[in-house]
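Visitor: One structure, pasted below without further comment.
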Amino acid sequence: MANSKNSAKNLIIWAILIGAIFAAVAFAYSMFLPKASQVTGKIVIVPSGTSVTAGQNLYLESVNTVEMINSSSFRKNVLGENAANFDRAESVKNSSTVAVIFLTSEENVKSAEDTIVTFPEKIASYARDLYGGAPFKYLLISDPEVSVKSIRSDAISNIIWGFFIGFVLYLIYWLFFGSFRIPTWEEEVKSNIKEEEQPIIAPKIEVEKPRDPETNIPLMPEIPLPEISRKEIIPEPIITARDMKNIAPDNLPIADEATPSSSDFSEPTDDEVKERLNRLMRGEL
């Protein structure tokens, strides 16, 4: 998701940058163009008197006249050679007046003025063939007006078109050589390495500690006791009479089965004790 956002951001930045470069080139081109003078003539539309409803449609007729003058057919068939210096026609706001504008060099200003003077007759002749009559008259209000300062041929329009062309050209270049380009083997390996290097962050799950139902105090966790293997538990040996019998020496005297009574028992004499001790020392007992 982050990569796609960065790609879109870079695309827009580069497209704007290329558009700005083309706009700068168009501006420089406009500066080197020869200076031109603007010559303007204003023509008013009035009803001819032959049509009853002609006076009610003067505002609409000014719009129709502008479209008629700006058409390629009028420029080709009526203006002829003078169409090279003709710029445009536009209607004056809230009136039935049409302004015709010529952009020409300072040397050809007089030729543009003469063409504007004959413009009403040209419009009337063209409209007569178009309408099949002459419901309107076209009158030049005053002498053509020439701009005081020389102007350059539509530099602002050239700058806008230059930016638009540069912007669109970069988008086309990106579509065919950027987004649809097949990545090389090295680029695929690098992208796979980057994906593998990204750490996988597991969500942290918090477990609520158990609480005492009466006091609502968290209970202390039970500490597990260390486990003791069975090998470590060595039981104490239990010595039985049989075990004593097994570990006792074989040469110990064994009592007779018949237990002597207390009356038959007599204490041994000193000589008998010494003799037994000597025998015990010699290992005979």
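The values are calculated or read from the model by the stated rules, or taken from the named source; none is laboratory data. The structure displayed is predicted, hence computed values, not measured ones. Methodologically, a virtual Cβ is constructed for each residue, glycine included, from the backbone with ideal geometry; neighbour enumeration extends over all protein chains shown.
Visitor: When residues of region 22-42 are filtered for being exposed (fewer than 14 other Cβ atoms within 10 Å of the Cβ) and among the hydrophobic types (A, V, I, L, M, F, W, C), how many remain?
Guide: Number of matching residues: 4.
Visitor: Okay, moving on. Given V100, V63, which one is on the phi < 0 side of the Ramachandran plot and assigned to a strand (DSSP E or B)?
Guide: Only one candidate passes the filter, namely V100.
Visitor: Let me ask another. Identify all residues within region 96-109 that are surrounded by 13 or more Cβ atoms within 10 Å (Cβ to Cβ) and free of Cβ contacts under 8 Å to residues at least 40 places away in the same chain; write none if there are none.
Guide: Quick first cut of region 96-109, residues surrounded by 13 or more Cβ atoms within 10 Å (Cβ to Cβ) only: 96-105, 108-109.
The one that is surrounded by 13 or more Cβ atoms within 10 Å (Cβ to Cβ) and free of Cβ contacts under 8 Å to residues at least 40 places away in the same chain: N108.
Visitor: If we scan region 129-142, do we find a residue that is buried (at least 18 other Cβ atoms within 10 Å of the Cβ) and free of Cβ contacts under 8 Å to residues at least 60 places away in the same chain?
Guide: no
Visitor: If you scan region 43-60, which residues turn out to be surrounded by fewer than 18 Cβ atoms within 10 Å (Cβ to Cβ) and modelled with pLDDT of 75 or more?
Guide: Scanning region 43-60 gives V44, V46, S48, L60.
Visitor: Which residues, counting only those in region 254-272, are surrounded by 10 or more Cβ atoms within 10 Å (Cβ to Cβ) and modelled with pLDDT of 80 or more? I'd like the intermediate steps shown before the answer.
Guide: Step one: filter region 254-272 for residues surrounded by 10 or more Cβ atoms within 10 Å (Cβ to Cβ), giving 260, 268, 272.
Matches in region 254-272: E272 only.
Visitor: I've got another one for you. Give the residues of region 79-89 that are surrounded by fewer than 19 Cβ atoms within 10 Å (Cβ to Cβ) and within 18 Å of Y126 (Cβ to Cβ), sorted by residue number.
Guide: L79, G80, E81, A83, R88
Visitor: Which residue out of Y138, Y173 is hydroxyl-bearing (S, T, Y), outside the structural domain of L58 (by TED's automatic domain parsing) and farther than 23 Å from L33 by Cβ?
Guide: Y173
Visitor: Another question, if that's okay. Restricting attention to region 143-178, which residues are over 22 Å from W14 (Cα atoms), at pLDDT 80 or above and loosely packed, with under 13 Cβ neighbours inside 10 Å?
Guide: Our first condition is that a residue be over 22 Å from W14 (Cα atoms); within region 143-178, this holds for 143-157.
Remaining after also requiring at pLDDT 80 or above: 143-147, 156-157.
Of everything in region 143-178, those that are over 22 Å from W14 (Cα atoms), at pLDDT 80 or above and loosely packed, with under 13 Cβ neighbours inside 10 Å turn out to be D143, I156, S157.
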